[in-house]
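The values are calculated or read from the model by the stated rules, or taken from the named source; none is laboratory data. The model shown is predicted, which means the values in this text are computed figures rather than measured ones. In this analysis, Cβ positions are derived from the backbone assuming ideal geometry, glycine residues included, and neighbour counts consider all displayed protein chains.
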Amino acid sequence: MADAITIFVVDTSPLITLAAARSLDYLLYVDRAAIVIPDAVFYEANRDASKLGALDILAWVKGHRDRIEIAPTNAFAVFDAARQVDPRIRQPNLGEQAAVEVIEEPGRLGPGERGVLLCEETAVLKRVTVRDTARMVELSTMDFLRLLEAERRIQSADAVFAAGDRGRTHAVARRTAVLTRPSRPRDPRGPRPTISVPGARVTRPIRRAQPRP
């Protein structure tokens, strides 16, 4: 890899994959490379704390502010303003729109610097069109890991992806278990009446009288 590189994370997939494999720090293994995450991509990665990798990604970014930039965009600002009015609003391809805006900022790349567009899905990269293609390299997460492996910075790209798959499988199983957990059966006699004792800290249920045989 070149000495002067900016890695643009153009969608959430690389972050989620590496978080599932507990390998987010691999993005920092490229010497002197800046990591740029558009604000919309960062929002999509951690807006739901229960989703795979969300809390890990948030903690990782907070712990490496010297290397990671959350780049603000007009695309996300407009969406965020609309979300304040209607929290249910969704905008397709918001992350990709924000990524294009960040990459196309004047002076974003310095003289002699190259950019890496990091993504896992070819369909996403097709939507991220930039003018300065001569200075941009498109890489999937696996391609990026294989480069690190070739430079002996990590042991095995395949092992990272296998760990990510295990993390996904575990997360899905855990979420399924929570959703399918049987609820407590309802008392056919209805809710039990309660009484409040003055000065007491708890409200005690009234015991029902059991019919005598």
Got at least one residue in the stretch 16-24 being part of a loop (DSSP other than H, G, I, E, B) and surrounded by 15 or more Cβ atoms within 10 Å (Cβ to Cβ)?
yes
Can you find a residue in the stretch 85-94 that is exposed (fewer than 14 other Cβ atoms within 10 Å of the Cβ), of a type in the set (Val, Ile, Thr) and over 15 Å from the mean Cα position of the chain (by Cα)?
yes
Number of the exception - Arg114 against (1) free of Cβ contacts under 8 Å to residues at least 24 places away in the same chain; (2) surrounded by 14 or more Cβ atoms within 10 Å (Cβ to Cβ); (3) charged (D, E, K, R); (4) within 22 Å of Ala34 (Cα to Cα)
(1)
Whether any residue in the stretch 115-131 is in a loop (DSSP other than H, G, I, E, B), closer than 24 Å to Asp48 by Cα, modelled with pLDDT of 80 or more and touching a Leu at 6+ places or on another chain (Cβ under 6 Å) is what I want to check.
yes
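Within the stretch 63-85, can one find any residue that is touching a Lys or Arg at 6+ places or on another chain (Cβ under 7 Å) and either free of Cβ contacts under 8 Å to residues at least 60 places away in the same chain or under 27 Å from Val160 (Cβ atoms) (or both)?
Taking every residue of the stretch 63-85 in turn, none turns out to be touching a Lys or Arg at 6+ places or on another chain (Cβ under 7 Å) and either free of Cβ contacts under 8 Å to residues at least 60 places away in the same chain or under 27 Å from Val160 (Cβ atoms) (or both).
Suppose the filter is of a type in the set (Asp, Glu), assigned to a loop (DSSP other than H, G, I, E, B) and under 20 Å from Val116 (Cβ atoms); does Asp66 pass it?
yes
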So which pairs qualify, if the first residue must be in the stretch 156-172 and assigned to a helix (DSSP H, G or I), the second must be surrounded by 13 or more Cβ atoms within 10 Å (Cβ to Cβ) and among the charged types (D, E, K, R), the Cβ gap must be under 6 Å, and the two must be at least 6 apart or on different chains?
Ala157/Arg146; Ala157/Glu149
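Out of the residues in the stretch 29-47 that are exposed (fewer than 15 other Cβ atoms within 10 Å of the Cβ) and more than 15 Å from the chain's Cα centre (by Cα), which is farthest from Pro106 (Cα to Cα)?
Asp31
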Do we have Ser50 as surrounded by 18 or more Cβ atoms within 10 Å (Cβ to Cβ) and either at negative phi or free of Cβ contacts under 8 Å to residues at least 60 places away in the same chain (or both) here?
no
Report yes if some residue within the stretch 132-151 is modelled with pLDDT under 85, more than 24 Å from the chain's Cα centre (by Cα) and of a type in the set (Val, Ile, Thr); otherwise report no.
yes
Filter the stretch 25-38 down to the residues that are assigned to a loop (DSSP other than H, G, I, E, B) and not aromatic (Phe, Trp, Tyr) and list them by number.
Val30, Asp31, Arg32, Ala33
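Would you check if Pro106 is modelled with pLDDT under 90, in a loop (DSSP other than H, G, I, E, B), over 21 Å from Ala34 (Cα atoms) and not polar (S, T, N, Q)?
no
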